[in-house]
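The values are calculated or read from the model by the stated rules, or taken from the named source; none is laboratory data. Note that this is a predicted model, so its numbers are computed, not measured. All Cβ positions, glycine included, derive from the backbone under ideal geometry; neighbour counts span all protein chains shown. We work out accessible area using only protein heavy atoms, side chains counted, and drop any ligands, DNA or RNA first. Shrake-Rupley method; radii C 1.70, N 1.55, O 1.52, S 1.80 Å.
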Amino acid sequence: QTPGSNGIETLKTLRQTHTAAALPVIMVLDKAGSNGAAEVPAAGANDYVTKPVDLSVMLARIQTQLSRVHAEKALRDSEERFRQMAESIEDVFWLSAPDRSRMFYVNPAYEKIWGRSRDDLSAHPRDWIEAIHPEDRERVAQSLLGRTEESWEWSYRVIQPDGAVRFIRDRAGPVRDDAGRVH
C-alpha cells in the first residue's frame, strides 16, 4: 500500500502494469462482510481473506493461486508448441467452424500453396472456394453440403492470383469436444 491510498487504490494502480495472471494478489480485508469485499474482484485481486487471518485458509488460497499460475503457464507453453508445429508444416492446415463461417487458424503454407493471404481468408472464410477452378468448384461446393459430422477427402484445382493452377488433395474432418460434439 502506498502512503495516502488504500489497498484497493494500490491494487488498481498495480493492475495498470501487471495482470492478475502475471502477478496474483490476495487481499487481506479488515473483517468479513466489509464493503471492501465487493470492490476486491473489480479492483483485480485474485482472492481475499479477512482478519483475523486463518493461516490454513491463507495457505490454501496461496496454493490455489500458485496452481492456477502454473496451469496457465503450462497452457501457454502447450499453445506455443502447437503454434510452432502447425506453422512448420508444409501442407495447408486450417481450423474452421463446422459451417466454415469462421477461420480459427490458418498456417503459413496456405499463402505459399494458394497464393493468397491468411489474413484475407480469416476475414472472408468462404473465399477459399472462390479460388477453386471453375470446373471443380460446383463439385466441391456440393460435396461440402451437410458435411460436418464425418471426415472426407477430395481433389481439385485452385487458381492462384497470378493465374497458376495448383492441384490440391484435401482431407478434412470434424473436431470434437469431450462429449463428442462437433466444434
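Listed by first and then second residue, the pairs with beta-carbon distance under 9 Å, at least 6 apart or on different chains, first residue in the stretch 93-108 and more than 22 Å from residue 145 (Cβ to Cβ) and without any contact (Cβ under 8 Å) to a residue 40 or more places away in the chain, second open to solvent by 50 Å² or more (accessible area, probe 1.4 Å) and among the polar types (S, T, N, Q), are 105/122; 106/122; 107/88; 108/88. Kindly provide the set of residues from the stretch 24-66 that are on the phi < 0 side of the Ramachandran plot, open to solvent by less than 60 Å² (accessible area, probe 1.4 Å) and out of contact with any strand residue (DSSP E or B) (no Cβ under 7 Å at 6 or more places or on another chain), ordered by number. Once the filter is applied, which keeps residues that are on the phi < 0 side of the Ramachandran plot, open to solvent by less than 60 Å² (accessible area, probe 1.4 Å) and out of contact with any strand residue (DSSP E or B) (no Cβ under 7 Å at 6 or more places or on another chain), the stretch 24-66 yields 24, 25, 34, 43, 60. Being without any contact (Cβ under 8 Å) to a residue 24 or more places away in the chain, open to solvent by 40 Å² or more (accessible area, probe 1.4 Å) and either outside any loop (DSSP other than H, G, I, E, B) or within 16 Å of residue 94 (Cα to Cα) (or both) holds for only one residue in 116, 137, 157, 166, and it is 137. Would you check if residue 47 is under 30 Å from residue 165 (Cβ atoms) and modelled with pLDDT under 95? Criteria not met by residue 47.
Go through the stretch 90-125 and count every residue that is out of contact with any Leu (no Cβ under 7 Å at 6 or more places or on another chain) and hydroxyl-bearing (Ser, Thr, Tyr).
Residues flagged as out of contact with any Leu (no Cβ under 7 Å at 6 or more places or on another chain) and hydroxyl-bearing (Ser, Thr, Tyr) within the stretch 90-125 amount to 4.
When residue 19 is tested against the conditions (1) open to solvent by 80 Å² or more (accessible area, probe 1.4 Å); (2) in a loop (DSSP other than H, G, I, E, B); (3) at pLDDT below 85, the lone failure is (3).
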